[in-house]
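See below for the structure under consideration.
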């Protein structure tokens, strides 16, 4: 854990210096350290900031460690900067993705169990957040995370949408900023012939969805088999991300909940890059 933490801190600190990121001179902990604590909390402590701060104090990572309340304010202020770092890494990964193949899918993140919907204070009582996970055959109350990843399992784009949005609607929340000539593989839930034609004509991106048995556009059996094998990789990514999440993600606001979901995805990417 310590070696991974050092590697991530060095990368974050070097990146912030490279873009001439300005910090308050009175800060006792620099922004790279705050980002590191947020990532470590999701990698090893189920999203609990307090546990990550306590670990950093015990290991003497920094000469001064922030209180939990102060850390919360700092990490929220750095959310846009961390998103910028993720996008920069994603753009580099797209350039080095010689296969030009990507996989798109979604996974649910529930705020609470259905029986506790009326008691939750995080989300308003709105059917917009009530969704269904077909693979698990269960309903949930919360959000869906739309993800585009390389075939090596590295997420390069993601978007968080309300749980009631189906995949065909949710994919429009993604930037779809893929290189020309790319192929974006997805399941049949993303079927949209008009969108496929538009992406191919104007951006030269092949929106390659799996075909249903009664689809108007058919495909050979070998292509369907290939897509099934490729799509298993992003399902493995989702299982790795969700395995790090605690049964309930503790947050006191919608913004804080969404930030923790983002941190789980960012931390997964950092971990994969360090291991590779």
| task | Using the structure shown, decide if residue 118 is over 22 Å from residue 145 (Cα atoms), more than 17 Å from the chain's Cα centre (by Cα), outside any loop (DSSP other than H, G, I, E, B) and modelled with pLDDT under 90. | result | yes
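This table checks each residue for (1) under 30 Å from residue 117 (Cα atoms); (2) outside any loop (DSSP other than H, G, I, E, B); (3) in contact with a strand residue (DSSP E or B) (Cβ under 8 Å, 6 or more places away or on another chain).
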| residue | (1), (2), (3) |
| --- | --- |
| 200 | no, yes, yes |
| 217 | no, no, no |
| 224 | no, yes, no |
| 261 | yes, yes, yes |
| 264 | yes, yes, no |
| task | Spot the failing condition for residue 239; the list is (1) assigned to a helix (DSSP H, G or I); (2) touching a residue at least 60 places away in the same chain (Cβ under 8 Å); (3) under 20 Å from residue 158 (Cα atoms), and only one is missed. | result | (2)
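Within the range 179-191, does at least one residue satisfy the condition of being within 19 Å of the chain's Cα centre (by Cα), assigned to a loop (DSSP other than H, G, I, E, B) and under 22 Å from residue 233 (Cβ atoms)? Outline the logic, then answer.
If we filter the range 179-191 for residues that are within 19 Å of the chain's Cα centre (by Cα), which is where we start, we get 184-187, 190.
If we keep only those that are assigned to a loop (DSSP other than H, G, I, E, B) as well, we get 187.
If we keep only those that are under 22 Å from residue 233 (Cβ atoms) as well, we get 187.
So far as the range 179-191 goes, yes, one or more of its residues are within 19 Å of the chain's Cα centre (by Cα), assigned to a loop (DSSP other than H, G, I, E, B) and under 22 Å from residue 233 (Cβ atoms).
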| query | How many of the residues in the range 171-201 are out of contact with any helix residue (DSSP H, G or I) (no Cβ under 9 Å at 6 or more places or on another chain) and over 21 Å from residue 219 (Cβ atoms)? | reply | 2
| remark: Within the range 228-276, residues more than 21 Å from residue 110 (Cβ to Cβ) and either surrounded by 14 or more Cβ atoms within 10 Å (Cβ to Cβ) or assigned by TED's automatic domain parsing to the domain that holds residue 40 (or both) come out as 230, 231, 233, 269, 270, 271, 272, 273, 274, 275, 276
| said: It is to be established whether one or more residues within the range 106-115 are part of a helix (DSSP H, G or I), under 28 Å from residue 252 (Cα atoms) and either assigned by TED's automatic domain parsing to the domain that holds residue 256 or in contact with a strand residue (DSSP E or B) (Cβ under 7 Å, 6 or more places away or on another chain) (or both). | reply: yes
| note | Note on the range 136-165: residues part of a loop (DSSP other than H, G, I, E, B) and closer than 20 Å to residue 102 by Cβ are 151, 152, 153, 154
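Determine whether residue 103 is free of Cβ contacts under 8 Å to residues at least 24 places away in the same chain and within 29 Å of residue 234 (Cβ to Cβ).
Values: free of Cβ contacts under 8 Å to residues at least 24 places away in the same chain: no; within 29 Å of residue 234 (Cβ to Cβ): yes.
No; evaluated as a whole, the condition is false for this residue.
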| message | Taking the condition of being closer than 25 Å to residue 207 by Cβ and in contact with a helix residue (DSSP H, G or I) (Cβ under 6 Å, 6 or more places away or on another chain), how many residues in the range 227-258 meet it? | response | 1
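The values are calculated or read from the model by the stated rules, or taken from the named source; none is laboratory data. Note that this is a predicted model, so its numbers are computed, not measured. Methodologically, a virtual Cβ is constructed for each residue, glycine included, from the backbone with ideal geometry; neighbour enumeration extends over all protein chains shown.
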